[in-house]
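Following: one structure in structure tokens, then a few remarks.
The values are calculated or read from the model by the stated rules, or taken from the named source; none is laboratory data. On a predicted model such as this, the values are computed, not experimentally measured, just so you know. With ideal geometry, Cβ positions are generated from the backbone for all residues, glycine too; neighbour counts draw on all protein chains shown.
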Amino acid sequence: MLTRPVIVLFSLACGLAVATVYFSQPLLDTIGAQFDMPTAQVGIVLTLTQIGYAIGLLLIVPLGDIIDQRRLIIGQTVLLGVSLTATAIAPNTWAFLLSITAVGALAVVTQVMVTYTAVHASPQRQGWAVGVVTGGIISGILLARTVSGALSDLLGWRSVYVAAAVATVITAGILTRTLPESTRTHRALPYRRLLISTLRLLRDEPVLRSRAIIAMLIFAAITVLLTPMVLPLTSAPYHLSHTEVGLFGLAGAAGALGAFKAGSWCDNGLANRVTGGGLVLMLAAWVFAATLPWTLFGLAVAVVIIDFGLQSVHVANQSLIYRLNTELHGRLTAAYMTFYSVGSAAGAIASTWVYSAHGWTGVCVLGAVISLGALAYWIGNSTSSGTAAAADTDSRCRDNAGHACTAQNGAH
């Protein structure tokens, strides 16, 4: 069983790993200038990072269902440190884009840690353990922009990746010394069948499929807000520094902390109501975001609201898809989070292109349309399912190969 110190270490390690995906957001203008990328194309940095993350989710995370997760976690962490080093010293555009894609692919170690925690924590503390690790992920996402902005102002953008590489290698060493050997037995399953069974889950599990589509839309919406935000904030009339832009990431902390309550609501059978409320909030956030040309306060409010809405929906999604066989958690996570990466990648490239062509107003219209689409999809899906409750409680389970089996109780 995992001890409290190891769970806290996992939380810190997850926060660091996921932060590497978001370090570039407040640095897009500087990175674009470094490698001569026009404004309409600089979003490719985040797009490739998310594409890498999606590749890692599909090809690496499912391995946790058939091989020793301890070795998988340590190996990924070491390779992540190597990729961060390559990003820091990249001499040209192509080298930078290749290394940043690798960073995204290896940062999925966070998802392996979450599934490892769910399986190896004591049953009495399982919810607390997963909550602590998830809290580390949320903190990493929020603090990434603040830390990278401050370091970039002090020492340049490359220092962000140098510091992250050093911290990641140190973390790998600590994990090697403290992470207990896995006691989980793994059923032999060829890698090809493993990947096929991951896709089969999407085909056969309507709740997983619908929740993955919702995840794609909500993460596209929030990426549309956060990716181009640095461009108007560092320009007239505000002329904010990267440190000041990064502080907007902290504004989302209020939303993220409040969203932790969503887990309790979902445990009480209110996952569908949490979803609807969160989607409505995400749509409403764009009204405040549109006030940026006149006030920074509206943008801060928008970040809080949209992050609260997103985290609430995300928690509701996970509470539903993890009501399945624990042997499938790696593949369930891979299938669900792949849609998250697709949404984030599309939002990143689309938002910078729209900002270049239509300014901040265009960005807000795009984000509102995506948020409205997510809300409409949820309403339509709930209606077509007969009742929302029936859709949310559909938790059929499948065995290691993806065949039907008896569902196990308990959300992770």
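Here L292 meets each of (1) surrounded by fewer than 24 Cβ atoms within 10 Å (Cβ to Cβ); (2) assigned to a helix (DSSP H, G or I) with one exception, condition (2). No other residue among V21, V103, V42 is buried (at least 24 other Cβ atoms within 10 Å of the Cβ), part of a loop (DSSP other than H, G, I, E, B) and out of contact with any His (no Cβ under 8 Å at 6 or more places or on another chain) apart from V42. Of all residues in the stretch 151-165, those satisfying the criterion of being free of Cβ contacts under 8 Å to residues at least 40 places away in the same chain and surrounded by 17 or more Cβ atoms within 10 Å (Cβ to Cβ) are L151, A163.
Criterion applied to L299, L310, L279 was being outside any loop (DSSP other than H, G, I, E, B) and modelled with pLDDT of 95 or more, and the one residue passing it is L279. Candidates are the residues of the stretch 1-43 that are among the small types (G, A, S) and touching a residue at least 60 places away in the same chain (Cβ under 8 Å); the one that is farthest from V108 (Cα to Cα) is A40.
Of the set (1) farther than 20 Å from R145 by Cα; (2) assigned to a helix (DSSP H, G or I); (3) without any contact (Cβ under 8 Å) to a residue 12 or more places away in the chain, all apply to A90 but (2).
For the stretch 235-258, the criterion of being at pLDDT 85 or above, in a loop (DSSP other than H, G, I, E, B) and in contact with a helix residue (DSSP H, G or I) (Cβ under 6 Å, 6 or more places away or on another chain) is satisfied by at least one residue.
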